[in-house]
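The block underneath contains the structure these notes are about, expressed in structure tokens.
The values are calculated or read from the model by the stated rules, or taken from the named source; none is laboratory data. Predicted, not measured: the structure shown is a model, and the values here were computed from it. Positions of Cβ are generated from backbone atoms using ideal geometry, with glycine treated the same way; all protein chains shown enter the neighbour counts. SASA here: full protein model, heavy atoms, side chains in, ligands and nucleic acids out. Shrake-Rupley method; radii C 1.70, N 1.55, O 1.52, S 1.80 Å.
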Amino acid sequence: MADLFGFLHEVPVVSIFRHPRATLALRIFAITGITLFACLGIHAWLSIRYQHTHALKELSAGADRMGHTILLGTRYAMMGNARHELDQIISDVARHPDIVSIRIYNKAGEIKFSNHPEEIDTKTDIRNTACHACHVTDVPKTSLTMDERIRRFDNAAGAPRLGSLMPIMNEPGCADDVCHAHEPDKKVLGALDVVLRADSSEQEILGFQNRILLLTASLFLLASGLIYMLLRRFITAPVSMLIDSAKRIGKGESVDLDRLWGLGEMGELAMALSRMQQEIAEKREALERQRKEYQHLFEQVPCSITVQDRDYKLIQYNREFADRFNPASGIHCYEAYKGRTDKCPNCPVEKTFATGVAHCSEESRVNPDGTRAYWLVHTSPVFDDRGEVVAAMEMSVDISARREIEERLRRSEQKYHAIFDNIPNSVFVLDAQSLEIIDCNSTAEEVYGVERAQVRGASFLSVFSPEEHDRYASQLRAFTVLNRARNFRSDGSPFYVDIMLSPAEYHERQILLVTTNDITERLDTERKLIQASKMATLGEMATGVAHELNQPLTVIKTASSFIMRKIRREESISPDVLQTMASEVDAHVDRASQIINHMREFGRQSDLSLERVDVNGVLQAASAFFLRQLTLREIEVVWALDEALPPILAMPNRLEQVFMNLLINARDAIEERCKNAPEAPRRISLTTRTRGREVFVIIEDSGTGIPKSLQHKVFEPFFTTKKVGKGTGLGLSISYGLVHDFGGSIVAENAPEGGARFTLRFPSTSMAGPVSPVSGESRERSEV
């Protein structure tokens, strides 16, 4: 087998496959032959190996059976110690032609019986002779397998021999016999060695091997011949025909491959060639149609196209160029385009010849009618097979109309830019995402005290205070109108503006158009009006405040009179009485001080910044002003406050003014109704609750209510239903404006049980920061 693979390794197979003249049939034949040779060789080798192994196994089994048989035949003689009989048996059996020798060894390795008398009583080396099978270890073996009993070797002449070694075991009869008793502890008394001839078996194996090799060679030659004929019939001839047909198809000739149909893959290849022939014909027709179409497009394309050689002479041009410039034959491009006698400066065609890449430029000329024409020029190189620029293609697009439009657009931009600069309000153009200032008008420069070049690229949030950046950053993107925003000029001075935002697109960029209107003067006027309303409210509260202050003054007067009387009488005052009187005086002084401070706080002008406000606290502080008055008028105040009310964004001082205006109106309405109906209920209900992200405040009274025809007028300035001298008509109007400044709404309606109901709605806030129920002094008063 090793010789077979060595042969295959030495065959120059690779050279056969790589040889340029090796045909497909030769390659297939070589591959098939090598594969067949390898398969048959492997089969022959496996068959010989199996036969050799099987023959040796059968021979070994026969030798083992013969040794066992001889051992059984000599057992009786050995048991009876019949030496003469044992010699006779060995001599008779050894006459068999296949037996070479029969020997019986004792434990010491001495030959006690043999068919060769000269060997008797000779001693052998037990580790080198047949006894080696048992004495291979330091402690001799007492039993052997068949493979250990059988040994194969060649004699001195080189003839093959097969030996069978059978141990002679100690038996009870041997140990009890008085003639030749052996010790009972001995298991093996000796060994029977039978040597057989293996010449005939080797000859049979060699003959079988030769027959197998001859059969393999015959099958290989027969199969090779058959394969060669089949290859010639089904591959070589069809392939030659296909090659010839492919060459003819490449030349454009028509071929007939019907004869090859039905030959399997060759037939499929013939069909593929037929389809390829048909497709090539169709492609040629399509290419011809495309050539005509492209020629038509070249002539009809709405731009001028010329092809020029390296001397700038026109080689080819389309109809558009001919109709527009009417060139003469062999004319130069600069003569046709501009009527020049020399090459144009900064010529794009020249650059294309120099660099081998496309170029672009804009050209113009004066037409015969005096108008100016403009066109956009694109040039592209034309290469030959060696990659050298041999010509240039020039495409010209008339852009005269576009240039006229651009000029009109430029004048329009100038006009609108002038309008933009002269708008009386400040206008900013912002990037919609980053709020970066892209541009601003002149009014913005004047109002904010900045220069346009300085603010470009800056954030619009810089006009707000730093702590308000985050809030206004979200509001500028979410709302279209922001009222009463506080801005700062470049010198740091604050002013208030209304901001209007409009999203737009400018140069493919999302922008915000921001218009700011300075309302500082208007707010000052409103503030004065609100302050006047506060003063009017304080006047309305004068009676109640007098009652509030009268009680602590009475306590102080009583205590001081008591002390003075005791002093005049020169009577002593006990420390307990004195401490009690001093505590009462101190408490009522604090109460009077809180009332005065609350009035002073309410009357002062408040800031315009919004803060987080606790509505319940402000409502309680406002009602505390009228608590004494309402009690004296037997008016009940019913509270229904939501303790988990979220804060809102407002001005505590002005929110309190709203509640006071509504409470004064409720008080007056109840008194007006009770004049005509003394038994009518006297009740003011104050309710707060939350729903979703909104806070509701409901102030309801049991007064006269609002006539339905006048409900839409109650929030108008100077409108009042009170008698002359009792109201200014500004309370509800100012309250309406203040509620809307806080982002809320106020609605007036009549309650089902009678009386007026005002519902105020405010958006809640989740902004972090301290919550202000009312100003410091007022908060202390509300707690009292």
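Structure notes:
- Residue among 638, 658, 615 that is modelled with pLDDT of 90 or more and either touching a Phe, Trp or Tyr at 6+ places or on another chain (Cβ under 7 Å) or buried (at least 17 other Cβ atoms within 10 Å of the Cβ) (or both): 615
- Qualifying residue in the range 263-282 (condition: closer than 26 Å to residue 30 by Cβ, out of contact with any helix residue (DSSP H, G or I) (no Cβ under 9 Å at 6 or more places or on another chain) and either at pLDDT below 75 or among the aromatic types (Phe, Trp, Tyr) (or both)): yes
- Residue in the range 376-390 that is assigned to a helix (DSSP H, G or I) and of a type in the set (Lys, Arg) present: no
- For residue 362, the criteria (1) touching a strand residue (DSSP E or B) at 6+ places or on another chain (Cβ under 6 Å); (2) under 28 Å from residue 386 (Cα atoms); (3) open to solvent by 50 Å² or more (accessible area, probe 1.4 Å) hold in every case but one, which is (2).
- Qualifying residue in the range 100-109 (condition: open to solvent by 80 Å² or more (accessible area, probe 1.4 Å), at pLDDT 80 or above and not in a loop (DSSP other than H, G, I, E, B)): no
- Residues of the range 426-436 classified as under 34 Å from the mean Cα position of the chain (by Cα) and of a type in the set (Ser, Thr, Tyr), total: 1
- Flag for residue 323 being acidic (Asp, Glu), under 27 Å from residue 349 (Cα atoms) and surrounded by 12 or more Cβ atoms within 10 Å (Cβ to Cβ): no
Conditions (1) at pLDDT below 90; (2) under 35 Å from the mean Cα position of the chain (by Cα); (3) closer than 17 Å to residue 444 by Cβ; (4) open to solvent by less than 50 Å² (accessible area, probe 1.4 Å), marked per residue:
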| position | (1), (2), (3), (4) |
| --- | --- |
| 478 | yes, yes, no, no |
| 485 | yes, no, yes, yes |
| 489 | no, no, yes, no |
| 499 | no, no, yes, yes |
| 508 | yes, yes, no, no |
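- Residue within the range 437-460 that is free of Cβ contacts under 8 Å to residues at least 24 places away in the same chain, assigned to a loop (DSSP other than H, G, I, E, B), within 19 Å of residue 519 (Cα to Cα) and over 39 Å from the mean Cα position of the chain (by Cα) present: yes
- Options 627, 578, 553; residue that is open to solvent by 40 Å² or more (accessible area, probe 1.4 Å), within 22 Å of residue 699 (Cα to Cα), in a helix (DSSP H, G or I) and modelled with pLDDT of 70 or more: 627
- Looking across the range 675-695, the residues that are surrounded by 14 or more Cβ atoms within 10 Å (Cβ to Cβ) and part of a strand (DSSP E or B) come down to 683, 684, 685, 686, 687, 688, 689, 690, 694, 695.
- Filtering the range 394-407 for residues that are among the aliphatic types (A, V, I, L, M), touching a Lys or Arg at 6+ places or on another chain (Cβ under 6 Å), surrounded by 11 or more Cβ atoms within 10 Å (Cβ to Cβ) and assigned to a strand (DSSP E or B) leaves an empty set.
- Filtered by the rule that a residue be within 54 Å of the chain's Cα centre (by Cα), modelled with pLDDT of 65 or more and in a loop (DSSP other than H, G, I, E, B), the range 754-780 gives a lone residue, 765.
- Answer from 133, 55 - the residue that is open to solvent by less than 50 Å² (accessible area, probe 1.4 Å), modelled with pLDDT under 85 and under 23 Å from residue 170 (Cα atoms): 133
- Conditions (1) more than 20 Å from residue 306 (Cβ to Cβ); (2) open to solvent by 60 Å² or more (accessible area, probe 1.4 Å): number failed by residue 390: (1)
- Residue tally, condition of a type outside the set (A, V, I, L, M) and either in a helix (DSSP H, G or I) or more than 13 Å from residue 683 (Cα to Cα) (or both), over the range 630-648: 5
- Checking each residue in the range 456-473 for being open to solvent by 20 Å² or more (accessible area, probe 1.4 Å) and either touching a Cys at 6+ places or on another chain (Cβ under 8 Å) or closer than 13 Å to residue 428 by Cβ (or both) picks out 456, 457, 458, 459, 461, 462.
- Every residue from the range 741-753 that is free of Cβ contacts under 8 Å to residues at least 60 places away in the same chain and outside any strand (DSSP E or B): 751, 752, 753
- Here is the figure for the range 64-84: residues that are more than 12 Å from residue 192 (Cβ to Cβ) and touching a residue at least 60 places away in the same chain (Cβ under 8 Å) total 2.
Condition check ((1) open to solvent by less than 50 Å² (accessible area, probe 1.4 Å); (2) of a type in the set (D, E, K, R); (3) free of Cβ contacts under 8 Å to residues at least 12 places away in the same chain) across all residues:
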position	(1), (2), (3)
237	no, no, yes
251	no, yes, yes
271	no, no, no
280	no, no, no
283	no, yes, yes
286	yes, no, yes
308	yes, no, no
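- When residues of the range 365-387 are limited to those that are of a type in the set (Lys, Arg) and touching a residue at least 12 places away in the same chain (Cβ under 8 Å), the one most open to solvent (accessible area, probe 1.4 Å): 372
- Filtered residue count, the range 461-480, keeping only those that are within 13 Å of residue 512 (Cβ to Cβ) and not in a helix (DSSP H, G or I): 2
- Taken together, the criteria place residue 217 among residues that are surrounded by fewer than 16 Cβ atoms within 10 Å (Cβ to Cβ) and either among the small types (Gly, Ala, Ser) or modelled with pLDDT of 80 or more (or both).
- For the range 490-510, taking the residues that are part of a loop (DSSP other than H, G, I, E, B) and in contact (Cβ under 8 Å) with a residue 40 or more places away in the chain, the one that is farthest from residue 476 (Cα to Cα) is identified as 491.
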